[in-house]
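Please treat every number below as a calculation from the coordinates, not as lab data. What you see is a predicted model, and the numbers here were worked out from it, not measured in a lab. As a convention, Cβ positions derive from the backbone with ideal geometry for all residues, glycine included, and neighbour counts pool all protein chains shown.
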């Protein structure tokens, strides 16, 4: 369990964690705005430009599964600082190159850096929480700040391009913000997490988690959720360009509206999760997402442009809650490793979901078919969360975690 070291400043640590998530979201979720620009300036095909998305996701995924244990072995503080330093140094290198191959390498390294400090930050959330319920509430707030970064990043890129300035300066801005985070992270005193056994903390221990039913169930749920979410911000603009809904305003700003509703919903979700059953909320919200997708398929572009944007409010609490409950099923001394496993499947969903939609769309003559596949993903997610609501298979293990990890008496 976590030992609350004298002088550990939980308020500063929370603020640091919020800003870390906002900072890296500014870069990862700006690719939709950056890709058209690099296609124009570097004369790339759509397939080649797609590497701007897949490179960073691949970097995060590989590091999350292979190095997620660093936060458990060397501590949250030094893992976070290592990732932030690598991210900052790498970000400044964007300003000195115009080579597509180098950009792909830098994006991959950027993803690797995110994978390092994000697993450390995810593990840290457990250290500064007083219960599994507070862990989930904090995770929703953290992901709310991620949502803010998803909005701010594209706005910065749009403003830079409007002023005739290269999109590369987004990374310089993010790198500079990262330097401030490094200084803060270095000065803050962190709580100490005691090891529960003498088992070596290494890759083998992480890989053994893949055989745990809770780890597999939450990993699959994260995969399905992210595949559904990516359908909207990766493929919906292209779908609307082909099918042209009657509202030009909604077609132009549908992704921004989706991100705004998702971010707002996560801040509100932190309040909801603290007061109502998480199993009920996830089942109802995933059902609402499925209804939005089914209605969008049946109603065509005029329905899709509103319903899929509005689905952001229902998507808001699902991922942070799944992430939190999946992590909370394990001792705090394993939070780095399980965070890496969940993050790996998250990135797998972000990469394979849009890819599968693209393949299906090409095979069956349009993105309508791709969104049918996304609806199947949404249906599978709903069925899983409906079972979770009815059977509540994690109730005992979460109660045990509250008693053993947080010292709560039931």
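Based only on the alpha carbon positions, what is the Kirkwood hydrodynamic radius of the chain, in angstrom? Don't skip to the answer; put the middle values down first.
On the way: mean 1/r = 0.0467 Å⁻¹.
The Cα-based Kirkwood calculation yields 21.4 Å.
Length gain on complete extension for the stretch residue 399 to residue 169, per 0.36 nm per residue less the alpha carbon to alpha carbon distance?
Values: separation 230, 0.36 × 230 = 82.80 nm, distance 4.73 nm.
Here the segment from residue 399 to residue 169 would lengthen by 78.1 nm.
Please compute the modelled spin-label separation between residue 220 and residue 11, points set 7 Å along Cα→Cβ, answer in nm with one decimal.
That separation, rounded to one decimal, is 4.5 nm.
Taking square-rooted eigenvalues a ≥ b ≥ c of the alpha carbon gyration tensor, is the stretch 156-265 rounded, prolate or oblate, where a/c under 1.5 means rounded and, failing that, a/b exceeding b/c means prolate? Could the numbers behind the result be given before it?
On the way: a/c = 3.08, a/b = 1.45, b/c = 2.13.
Oblate shape, in that a/c is at least 1.5 and b/c is the bigger or equal ratio.
Determine the relative contact order of the chain: mean sequence separation of Cα pairs under 8 Å and six or more apart, normalised by residue count, in whole percent.
On the way: 685 pairs, mean separation 110.8, N = 410.
Worked out over the chain, it gives 27 percent.
How much length is gained on full extension from residue 41 to residue 391, taking 0.36 nm per residue of separation minus their Cα-Cα distance? Write out the running numbers ahead of the final one.
On the way: separation 350, 0.36 × 350 = 126.00 nm, distance 5.39 nm.
The span from residue 41 to residue 391 would gain 120.6 nm if fully extended.
Please work out the FRET efficiency for the pair residue 242 and residue 186, using the Cβ-Cβ distance as r and a Förster radius of 41 Å; give the result to the nearest 0.05.
Working: r = 50 Å, r/R0 = 1.22.
So the FRET efficiency works out to roughly 0.25.
What does the highest-first list of 108-116, 90-98 look like by mean Cβ count within 10 Å? Could you put the intermediate results ahead of the total?
Numbers: 108-116: 25.6, 90-98: 16.4.
In descending order of packing, they fall as 108-116, 90-98.
Kindly provide the helix-only [θ] at 222 nm of the chain, computed as the sum of -39,500 (n - 2.57) over DSSP H runs of four or more divided by all residues, to the nearest 500 deg cm²/dmol?
On the way: 19 runs with 325 residues, N = 410.
So the helix-based figure for the chain works out to -26500 deg cm²/dmol.
At each listed q (0.19, 0.22, 0.30 Å⁻¹), what is the log10 of I(q)/I(0) that the Debye formula gives for the stretch 119-172 modelled as equal alpha-carbon point scatterers?
Log-scaled intensity ratios, in q order: -0.69, -0.78, -1.08.
How much length is gained on full extension from residue 271 to residue 383, taking 0.36 nm per residue of separation minus their Cα-Cα distance? If you can, show how the numbers build up before the last one.
Values: separation 112, 0.36 × 112 = 40.32 nm, distance 2.52 nm.
Going from the current span to full extension adds 37.8 nm.
Bin all alpha-carbon pair distances of the stretch 58-156 at 10 Å intervals from 0 and give each bin's fraction as a whole percent.
15, 37, 36, 10, 2
Provide the FRET efficiency to the nearest 0.05 for the residue 92-residue 352 pair, computing r from the beta carbons and using R0 = 41 Å. Don't skip to the answer; put the middle values down first.
Details: r = 31 Å, r/R0 = 0.77.
Approximately 0.85, to the nearest 0.05.
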